[in-house]
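The values are calculated or read from the model by the stated rules, or taken from the named source; none is laboratory data. Just so we're clear, the structure is a prediction, and the values are computed from it rather than from any experiment. Positions of Cβ are generated from backbone atoms using ideal geometry, with glycine treated the same way; all protein chains shown enter the neighbour counts. These area figures cover heavy atoms from the full protein model, side chains too; ligands, DNA and RNA do not enter into them. Shrake-Rupley method; radii C 1.70, N 1.55, O 1.52, S 1.80 Å.
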Amino acid sequence: MPAEQSARIAWLYAEFQGRDGVIDEAWRAGPGSAEGIYSRASSTHSRAAGEVHASFVGERSFTSSRGFPVNAGSLSVLSAEGSVAGIYSVNTGGGGISHRTRNGPLPPGVYRVSNHRPDRTRAGMAYDGVGFSFDLDPFGDTVVFGRTLFRIHPDGGNPGTNGCLGIREPAARLRQAEEQILDL
């Protein structure tokens, strides 16, 4: 199933599970949400517009040091040929009660990668001596509940993010992820 359809199904499932705006334990313990991640907007880029190049799938949850849910899962980055180039451990959320609230997990949906920032040193965007970030811009019908500033970056500090996709891997794997995402 295409990532965009998976994201919509996950979104509907979350809506029915969390009628009060809070995703209940059954949802958090389940497969999580799928996000489609499109390539950067570039006139010189060789990939087709609208083609999904990476996806995040939440696989489990845990409670952050701040007492809020963190969705943990895998970010799969695809090569130009469409095969899986890398799979990385990722956390999202931990600073808010749900994906609808500030600092909660990334809302389910489809995002475009843009604006690479290398050599980040901010504590939450660097891990194991490696820091970078990419913007995640909501795309299509993705609903973000007025939230902004979504990113992909290393998950530094305590595990979890303020709504970004935080890659929690050793330095060499973080550098590999940065290069692969840059190539999207």
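Somewhere in the range 88-100, is a residue assigned to a strand (DSSP E or B), in contact (Cβ under 8 Å) with a residue 12 or more places away in the chain and of a type in the set (Val, Ile, Thr)? First the steps, then the outcome.
At the first step, the residues of the range 88-100 found to be assigned to a strand (DSSP E or B) are 88-94.
Add one more test, that the residue is in contact (Cβ under 8 Å) with a residue 12 or more places away in the chain, and what stays is 88-94.
Narrowing the set further to residues that are of a type in the set (Val, Ile, Thr) leaves 90, 92.
Yes, the conditions are met somewhere in the range 88-100.
Tell me the residue from Leu106, Leu149 that is under 11 Å from the mean Cα position of the chain (by Cα) and of a type in the set (A, V, I, L, M), please.
Leu106
Under 7 Å by Cβ, and 6 or more places apart or on different chains, what pairs join a residue from the range 159-184 that is within 15 Å of Ala123 (Cβ to Cβ) with one that is of a type in the set (Lys, Arg) and not in a helix (DSSP H, G or I)?
As it stands, the answer is Pro159/Arg168; Cys164/Arg151, since those pairs meet every condition given.
Scan the range 127-136 and give yes if some residue there is surrounded by 15 or more Cβ atoms within 10 Å (Cβ to Cβ), closer than 20 Å to Ser98 by Cα and aromatic (Phe, Trp, Tyr), otherwise no.
Here is the first cut: in the range 127-136, the residues surrounded by 15 or more Cβ atoms within 10 Å (Cβ to Cβ) are 127-128, 130-136.
Filter once more, so that each one left must be closer than 20 Å to Ser98 by Cα: 136.
In the following step, the residues that additionally are aromatic (Phe, Trp, Tyr) were identified as none.
No: zero hits.
Of the conditions (1) among the polar types (S, T, N, Q); (2) touching a residue at least 24 places away in the same chain (Cβ under 8 Å); (3) within 17 Å of Arg173 (Cα to Cα), Ser74 satisfies every one except a single condition; which number is it?
The failed condition is (2).
(1) open to solvent by less than 40 Å² (accessible area, probe 1.4 Å); (2) touching a Pro at 6+ places or on another chain (Cβ under 7 Å); (3) within 24 Å of Ser65 (Cα to Cα): which one isn't true of Tyr111, the others all being true?
Going through the list (1) open to solvent by less than 40 Å² (accessible area, probe 1.4 Å); (2) touching a Pro at 6+ places or on another chain (Cβ under 7 Å); (3) within 24 Å of Ser65 (Cα to Cα), Tyr111 breaks only (3).
Given the criteria surrounded by fewer than 21 Cβ atoms within 10 Å (Cβ to Cβ) and small (Gly, Ala, Ser), does Ser55 qualify?
no
Give me a count of the residues in the range 165-183 that are of a type outside the set (Asp, Glu), modelled with pLDDT of 95 or more and out of contact with any Leu (no Cβ under 7 Å at 6 or more places or on another chain).
Of the residues in that region, 10 qualify.
Restricting the search to the range 68-89, which residues are at pLDDT 95 or above and either open to solvent by 10 Å² or more (accessible area, probe 1.4 Å) or within 17 Å of Gly157 (Cα to Cα) (or both)?
The answer is Ile87, Ser89.
When only residues in the range 137-156 that are of a type in the set (A, V, I, L, M) and under 12 Å from Pro108 (Cα atoms) count, which is surrounded by the fewest Cβ atoms within 10 Å (Cβ to Cβ)?
Applying the filter and picking the extreme gives Val143.
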